[in-house]
1. Inside segment A:440-457, can you point out the residues that are crowded, with 16+ Cβ neighbours inside 10 Å and not charged (D, E, K, R)?
2. Taking the criterion of being surrounded by fewer than 21 Cβ atoms within 10 Å (Cβ to Cβ), assigned to a helix (DSSP H, G or I) and of a type outside the set (Asp, Glu), would at least one residue in segment A:172-189 satisfy it?
3. With the requirement that a residue be under 24 Å from residue A:315 (Cβ atoms), of a type in the set (Gly, Ala, Ser) and touching a residue at least 24 places away in the same chain (Cβ under 8 Å), what does segment A:381-423 give you?
4. Scan segment A:80-109 residue by residue and report those that are away from every other protein chain (no Cβ under 12 Å) and out of contact with any helix residue (DSSP H, G or I) (no Cβ under 9 Å at 6 or more places or on another chain).
5. Out of all the residues in segment A:550-568, which are over 16 Å from residue A:273 (Cβ atoms) and assigned to a helix (DSSP H, G or I)?
6. Restricting attention to segment B:139-151, does a residue exist that is surrounded by 12 or more Cβ atoms within 10 Å (Cβ to Cβ) and closer than 30 Å to residue B:221 by Cα?
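The values are calculated or read from the model by the stated rules, or taken from the named source; none is laboratory data. Since the model is a prediction, treat every value here as computed from it, not as a measurement. Heads up, the Cβs are rebuilt from the backbone with ideal geometry, glycines too, and the neighbour counts pull from every protein chain shown.
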Amino acid sequence: MKESSSDASSLIRVENLTVAFGAEKVVEDLSFSVRSGQTLAIVGESGSGKSVTSLSILRLADISGAHYLGGRILFESTKGEQDLLALSQQEMRAIRGKEIAMIFQEPMTSLNPVFTIGDQIAEVLQLHEGMARKEALAEGVKLLKMVRLADAESIIGRYPHQLSGGMRQRVMIAMALACRPKLLIADEPTTALDVTIQAQILAILRDLKDSLDMGIIFITHDMGVVAEMADDVVVMRKGHKVEEQPVEAIFTNPQHLYTQTLLSAVPKLGAMNGEDFPKRLPVSVYDEAGAHTEGELRVQNTANYEAAPLVRVEDLVVRFNVKKNFLGRPTHRVHAVEEISLDIYPGETLALVGESGSGKSTIGRTIQQLQESQAGNITFNGKRFADMGRGEKRALRQKIQYIFQDPYASLDPRKTVGFSIAEPIRTHGILHDQELIEKRVSELLDRVGLSASHGRRYPHEFSGGQRQRICIARALASDPELIIADEALSALDVSVQAQIINLFMDLQEERGLSYLFISHDMAVVEQISHRVAVLYLGQIVEFGSRRQVFENPTHSYTQNLLAAVPIADPHQRIMMAINEADIPSPIRAVGNEPARLSHREVAPGHLVANQ
Amino acid sequence: MAGFIVKRMLQAIFATLIVTLLVSYAIRLTGDPALMLTQGAGSITEADLARIREALGVNRPFLVQYFEFLRGMVTFDFGKSFLGGTSVGLLIKGALPSTLVLAFWSMLVSIMISIPLGITAAVHRNKMVDQVIRVFSLVGLSFPNFWLAIMLVLVFSITWNLLPPSGMVGSLSYIMPSVTMGIILTATNVRLVRTTMLETLNAQYIMVARAKGLSERKVLYKHALRNCAIPLITYLGLQFGGLLGGIVVIERVFNWPGMGTLAFDAVGARDYPVLQATIMVLSLMIILVNLAVDIIYGLVDPRIRTE
């Protein structure tokens with residue numbers, strides 16, 4: 001392996017770092033360096049050791065029981081060069097937050113809910129800069145303005161739950177930068193955010209890196225974000241560095257087979273231009289034996305628009321009461337879904353895309369009868385929900401299955417996966433004979449790419465991708481006609497994601513399944529769906545075939561959404577003005593009804609809301 | 001917030017009515033105060049008993065007696081004890097402060113011990129310290145409180161002669177009863193603190209607090225503890241009821257002139273006015289404490305306050 005460039009100008013040099021938890025080495029012989037003003041991206045999938053690396057630099061991995069078996073982390077601190085691994089926790093505390101700061105993945109849980117934003121920012125300044133509280137709060141306002149939060153004076157006195165995810169992540173950045181650290185570690189800072197908010201946060205980080213002359217270690221699994229942010233890239237796999245190159249070279253000339261397969265698995269927005277139908281693409285798989293390609297290329301022409309629609313949603317309205325007054329009358333409501341109409345045809349994949357608060361999940365939950373609607377009709381196979389009896393509604397649960405984002409949370413940890421898969425077969429009384437049920441479970445496991453013997457194991461024994469396969473097997477168990485996949489791929493690594501996409505497409509081809517595919521990932525949607533509905537604050541702003549929406553986005557919101565998606569190509573960086581305001585909220589006072597959008601047809605089947 | 005408090009007040013009044021009604025009715029099923037008063041007095045005729053009942057007013061219909069009691073509640077006139085005719089109000093005025101002071105110290109002792117121990121156990125999860133703390137908490141849960149009280153008396157009063165064995169005589173006499181109650185409460189509280197702390201320590205904001213460079217002490221006692229407050233306060237509020245129940249026993253052992261002793265004697269004598277009033281006051285205390293808990297929620301958790 002090539003030695004890292006260890007020139008004297010390095011801000012931090014990690015040399016041959018090996019970190020273990022117990023007997024298991026999670027990082028092995030890792031070396032890299034970062035200069036001031038440089039952004040180094042560390043890329044890898046789950047289990048690559050990238051987060052442990054960042055926590056080791058701050059020596060926070062110690063708290064979870066990490067041992068440093070070898071190597072040095074040389075940091076150019078104000079006291080001269082120090083080996084961070086040789087420092088005591090007390091000495092590290094003078095460096096944490098002051099010279100090296102960190103931003104974490106989950107903005108929703110990164111801030112302490114019981115303290116004001118101001119106090120949490122001031123705390124760092126009081127600790128490291130010896131400021132008085134009043135002085136620190138004044139500095140806090142400046143910092144919030146630096147991260148482009150409008151209304152900083154009022155935000156300083158608010159509590160975290162009063163801010164949106166994007167605002168909280170800006171606060172986190174302000175907090176991390178309070179003492180003007182030399183090095184910023186950002187661990188998946190935008191993964192939990194909507195794309196337009198992500199674009200804002202990335203722009204702010206890039207901007208501040210230059211003005212403060214920081215080094216940044218940017219940890220991510222998203223190649224699009226890498227292309228967006230990085231100067232140099234370290235690719236990690238299973239605790240090892242497999243490749244290190246400048247960002248251009250990583251994308252144009254990846255050396256290691258793993259990097260190549262990783263890049264090939266990333267769905268690229270615009271890759272499907274000129275195609276009428278979604279496409280099943282071969283997947284490159286990398287394992288110890290090397291890389292090989294699985295599956296064939298196939299055009300997914302499964303949607304049957306001649307038939308009657310399987311599901312018809314007409315003028316659906318779903319609202320939730322969120323605030324009540326003294327007498328218990330609602331004063332504020334979430335307008336989750338506002339008069340939405342759409343059809344799903346047999347064999348079709350209809351994608352619902354939009355950002356948080358757009359109502360996309362609520363539509364899915366209402367069709368699955370997990371949520372009551374306030375108005376409108378849903379028709380399944382020509383029969384309205386409203387006309388169905390209890391028995392029919394129960395039977396419908398068999399025909400419509402749901403797959404959730406978190407495959408771990410949706411499997412009972414105390415039951416074998418075989419039991420979980422057999423459960424819908426038993427509850428819907430599809431099979432009664434124990435032997436036949438077992439046979440069916442084995443077939444299903446086999447169909448989703450697992451083996452029959454896996455049925456006797458428990459969910460914690462499987463990886464995230466395998467668990468999602470189990471959830472798919474369970475969904476198939478009751479022989480459904482519609483599967484609602486709600487962000488079903490979002491928690492998976494890209495290489496696994498590509499395999500699951502193909503599984504979805506194969507099952508559709510075999511069984512003529514319809515999918516309602518709910519996602520915020522535009523590139524995946526472009527690959528998998530026949531038609532796309534773009535939602536904004538509970539209403540459809542654009543609706544059409546995949547090709548119409550992606551190749552000719554007509555509504556300004558669709559255009560913004562597509563423009564904000566980071567492309568895995570360092571030459572196509574997003575150029576976006578930093579927006580100081582936050583996205584509007586679907587919460588409204590009672591009586592303050594949102595204006596209904598009217599639509600025009602710009603091409604056959606391509607509906608766009610009038611602006 | 002004001003609406004919320006009014007609602008809770010109404011609930012509290014309703015709960016008090018139900019409790020007193022049940023208690024007043026139930027105690028009348030258990031025995032005749034006239035018989036109790038005349039026990040061992042030799043030749044008592046049925047006419048004598050009837051006269052006594054007449055004098056005590058217990059021959060009237062139950063509801064009449066109950067409404068009289070309710071009227072007394074509003075006018076702060078709880079009537080007179082069947083024993084010696086002392087004003088019930090005076091009896092309670094004498095006993096209530098001793099019990100509340102004892103309850104306060106017990107709670108304080110328990111909080112002072114259980115919070116640091118619980119946090120220590122959580123921080124050193126599954127290590128030796130944690131195991132030791134958990135074993136001791138199990139031991140504390142398992143033995144009866146009066147046994148602990150007797151042991152303390154044996155050691156500190158009889159063997160070493162350091163503390164007064166019983167009665168409320170000077171500040172030293174508070175130590176053993178409060179410690180006895182405190183330790184019993186601590187046994188459960190340690191476990192509660194440990195569990196809520198474990199959950200909180202996994203939160204992302206704890207990692208963030210550490211990444212700021214804060215000392216471990218600040219991370220635990222400022223950032224983590226405040227977030228544990230809601231479940232802890234809820235539990236302490238509920239525990240207050242159990243505490244008052246436990247105090248009845250402890251007061252007997254230490255001969256403490258509090259509500260417990262008062263209630264105990266009143267049960268023995270079927271002294272309806274005293275018993276009704278003590279139970280009403282105790283249940284009112286419990287209801288008030290839980291009302292206070294609801295208000296404190298808002299103070300410690302901005303998510304509730306700003307709703």
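1. Matches in segment A:440-457: A:441, A:442, A:444, A:445, A:448, A:449, A:450, A:454, A:455.
2. No - not one qualifying residue is present in segment A:172-189.
3. Listed by number, the list holds a single entry, A:382.
4. Answer for segment A:80-109, where residues must be away from every other protein chain (no Cβ under 12 Å) and out of contact with any helix residue (DSSP H, G or I) (no Cβ under 9 Å at 6 or more places or on another chain): A:80, A:81, A:83, A:86, A:88.
5. Of everything in segment A:550-568, those that are over 16 Å from residue A:273 (Cβ atoms) and assigned to a helix (DSSP H, G or I) turn out to be A:556, A:557, A:560, A:561.
6. Scanning segment B:139-151 turns up at least one residue that is surrounded by 12 or more Cβ atoms within 10 Å (Cβ to Cβ) and closer than 30 Å to residue B:221 by Cα.
This table checks each residue for (1) surrounded by 12 or more Cβ atoms within 10 Å (Cβ to Cβ); (2) over 30 Å from residue A:496 (Cβ atoms).
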site: A:290; (1), (2): no, no
site: A:308; (1), (2): yes, yes
site: A:318; (1), (2): yes, yes
site: A:342; (1), (2): yes, no
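Let's see how each residue does on (1) out of contact with any His (no Cβ under 8 Å at 6 or more places or on another chain); (2) charged (D, E, K, R); (3) within 30 Å of residue B:170 (Cβ to Cβ); (4) surrounded by fewer than 20 Cβ atoms within 10 Å (Cβ to Cβ):
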residue	(1), (2), (3), (4)
B:201	yes, no, no, no
B:220	yes, no, no, no
B:229	yes, no, no, yes
B:251	yes, yes, yes, no
B:262	yes, no, yes, no
B:267	yes, no, yes, yes
B:276	yes, no, no, no
B:288	yes, no, yes, yes
